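Contents: one structure, followed by commentary.
The values are calculated or read from the model by the stated rules, or taken from the named source; none is laboratory data. All figures in this text were calculated on a predicted structure; none of them were measured in a lab. Positions of Cβ are backbone-derived with ideal geometry, glycine not excepted, and every protein chain shown enters the neighbour counts. Surface accessibility is based on the protein's heavy atoms, side chains included, excluding ligands, DNA and RNA. Shrake-Rupley method; radii C 1.70, N 1.55, O 1.52, S 1.80 Å.
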Amino acid sequence: MELDRLDRDIIGALVDDARATYAQIGQRIGLSASAVKRRVDRLRDAGAITGFSARIAPQALGWTTEAYVELFCQGKTSPAAIGLAIARHPEVVSACTITGEADALLHIRATDVRHVERVIERIAAEPFVVRTKSSIVLSRLVDEAQRIGAGMPQDATDPPQHAISGAWPA
């Protein structure tokens, strides 16, 4: 789906505040509330907007420690098999297959370093895991939730517009 400037502005407004009313978004971007609603409905139908959710500070839930874990698997373990096994661990908040030596990269949130260690031990016990390599996060410098929609390029010839300082990835 190709997004025009108004679609991108609506998405940016929703990223900033998913609870904003259509009227508030319309006032911000120069459209009527009904026009915003029609566009949001179209964006949802097309799959550009996949849902609305609350962003919760992990610390509020006691998840004060996070780590990234590289997963090295035996043979030709399928991404589906990795995903199925990893999904059983609630501390894994995201996982993806990657290029390079490792087969997958896991993002873990836990209550403390000992909790991270126990999670890694459970994951390492999966039959297809050969080894893991982990890094504990010391401080978060950029939060993706603050960036999505903030600097979407207008089109192939326009430079990105930045709502926050820093460069939008190419």
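Tabulated data
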| item | result |
| --- | --- |
| Residue check for residue 44: modelled with pLDDT of 95 or more, basic (Lys, Arg), over 30 Å from residue 129 (Cβ atoms) and surrounded by fewer than 16 Cβ atoms within 10 Å (Cβ to Cβ) | yes |
| Among (1) farther than 15 Å from residue 135 by Cα; (2) open to solvent by 80 Å² or more (accessible area, probe 1.4 Å) - the single one residue 81 does not satisfy | (2) |
| Test: residue in region 57-71 that is closer than 29 Å to residue 12 by Cα, free of Cβ contacts under 8 Å to residues at least 24 places away in the same chain, assigned to a loop (DSSP other than H, G, I, E, B) and not aromatic (Phe, Trp, Tyr) | yes |
| Tally of residues being open to solvent by less than 50 Å² (accessible area, probe 1.4 Å) and touching a Pro at 6+ places or on another chain (Cβ under 6 Å) across region 92-110 | 1 |
| Single match in 53, 135, 94 (criterion: under 30 Å from residue 20 (Cβ atoms), out of contact with any helix residue (DSSP H, G or I) (no Cβ under 9 Å at 6 or more places or on another chain) and modelled with pLDDT of 95 or more) | 94 |
